[in-house]
1. Show me the helices (runs of 4 or more DSSP H) entirely contained within the range 28-105 in which 2 or more residues are over 30 Å from Ala136 (Cα atoms) and free of Cβ contacts under 8 Å to residues at least 40 places away in the same chain.
2. How many residues are among the polar types (S, T, N, Q), assigned to a helix (DSSP H, G or I) and surrounded by fewer than 18 Cβ atoms within 10 Å (Cβ to Cβ) if we restrict to the range 162-187?
3. In the range 32-59, what residues are open to solvent by 50 Å² or more (accessible area, probe 1.4 Å) and either in contact with a helix residue (DSSP H, G or I) (Cβ under 8 Å, 6 or more places away or on another chain) or within 13 Å of Leu262 (Cβ to Cβ) (or both)?
4. Select from the range 271-280 the residues that are open to solvent by 10 Å² or more (accessible area, probe 1.4 Å), in contact (Cβ under 8 Å) with a residue 40 or more places away in the chain and not in a helix (DSSP H, G or I) and list them in ascending order.
5. Which residue pairs have Cβ atoms closer than 6 Å, lie 6 or more positions apart in sequence or on different chains, and pair a first residue in the range 199-220 that is under 20 Å from Ile134 (Cβ atoms) and open to solvent by less than 10 Å² (accessible area, probe 1.4 Å) with a second residue that is part of a helix (DSSP H, G or I) and β-branched (Val, Ile, Thr)?
6. Report the residue count in the range 221-235 for those that are among the small types (Gly, Ala, Ser), part of a helix (DSSP H, G or I) and surrounded by fewer than 24 Cβ atoms within 10 Å (Cβ to Cβ).
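The values are calculated or read from the model by the stated rules, or taken from the named source; none is laboratory data. This structure is a prediction, so every number in the text was calculated from the model and none was measured. Virtual Cβ from ideal backbone geometry, glycine too; neighbours counted across all protein chains shown. In case anyone asks, the SASA skips ligands and DNA or RNA and just uses the protein heavy atoms, side chains included. Shrake-Rupley method; radii C 1.70, N 1.55, O 1.52, S 1.80 Å.
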Amino acid sequence: MDVGAKEERDQAWWGQRAWSLLSAVRARAPLVQCITNLVSMDIAANVLLASGASPAMVHSLREVPDFTPRCAAVYINVGTLSEDWLPSMRAAACAGRPWVLDPVAAAASGFRMEACLELLSLCPAVVRGNASEILALASRSAAASSSNFKGVDSSHGSVDAIEAAKALALSSSTVVVVSGAVDFITDGKQVVSVSNGVPMMQKITATGCAVTALIAAFVSMEPSDAIVAAACALSIFGLAGEIGMESAKGPASLRMHLIDALYYLDEEMVTSRVRISLRP
């Protein structure tokens with residue numbers, strides 16, 4: 001089989017997997033508990049709803065024992081981290097449900113880095129961050145004093161963090177996602193790339209947070225293959241951005257059209273337009 005035919009076959013397989021997982025989310029409406037930052041709550045909830053999932057912004061430690069075991073997945077995001085929320089994050093991560101970590105601005109402070117490392121030790125199914133966040137976690141160093149530090153924005157390209165992501169995945173027994181112009185997903189051995197999306201998505205606050213919530217929903221449908229679930233969620237979200245961009249005039253309208261596009265995605269759109277590949 002020549003290279004072109006193999007790539008076409010692989011794309012067809014990924015397209016069918018992405019559609020199958022999105023269809024499962026729509027059919028089963030998984031309940032996703034989101035302990036996420038204040039900035040992202042609205043868009044994360046709307047992205048989950050548009051995909052067919054059911055979001056629950058439940059943060060109280062006293063609710064975790066009763067509520068979290070009923071959920072299909074848990075999404076934990078440290079963007080507006082506080083000492084009051086950290087115990088809830090720990091408890092939810094230990095409740096026995098598949099969960100996903102978003103280590104927003106992990107290197108911004110010692111407190112934040114230590115919290116992220118502690119959560120990382122509690123076995124998330126997936127960790128998703130930008131290149132700078134993944135590099136900081138992988139090196140176990142707080143880089144807040146670095147001139148390259150850019151808070152929740154990344155000062156590195158996603159390709160710069162592939163080796164660090166592989167090392168982090170192996171050392172933590174998790175799947176690591178590095179978001180960027182091209183997204184990379186790794187379990188430490190294989191690396192998958194996702195090329196869907198448009199640059200203007202970076203001008204909408206909390207799109208990264210929202211796609212991490214979507215990853216949690218997809219992982220709940222495929223907990224035994226988190227690398228496939230994460231890749232498909234990233235591609236679906238990026239594809240919705242591409243379709244939304246066809247009608248958008250700027251970041252605000254793209255946000256609206258992206259959510260609409262996610263809601264209206266059909267089989268033909270997904271199977272013909274997802275761009276996922278296994279990196280050599």
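1. By residue number, 64-67.
2. Qualifying residue count, the range 162-187: 1.
3. Passing the criteria: Val39, Asn46, Leu49, Met57.
4. Listed by number, the residues that qualify are Arg275, Ser277, Leu278, Arg279.
5. Close Cβ pairs satisfying both conditions: Ala210/Ile43; Ala210/Val47; Leu214/Val47.
6. 1
Here is a yes/no grid of residues against (1) among the polar types (S, T, N, Q); (2) touching a helix residue (DSSP H, G or I) at 6+ places or on another chain (Cβ under 8 Å):
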residue: Phe67; (1), (2): no, no
residue: Ala72; (1), (2): no, yes
residue: Ile76; (1), (2): no, yes
residue: Leu81; (1), (2): no, yes
residue: Asp84; (1), (2): no, no
residue: Ala92; (1), (2): no, yes
residue: Ala106; (1), (2): no, yes
residue: Ser109; (1), (2): yes, no
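Yes/no matrix, rows are residues, columns are (1) touching a residue at least 24 places away in the same chain (Cβ under 8 Å); (2) part of a helix (DSSP H, G or I):
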| residue | (1), (2) |
| --- | --- |
| Phe237 | yes, yes |
| Ala240 | yes, yes |
| Ala248 | yes, no |
| Ser253 | no, yes |
| Met256 | no, yes |
| Asp260 | yes, yes |
| Tyr263 | yes, yes |
| Met269 | yes, yes |
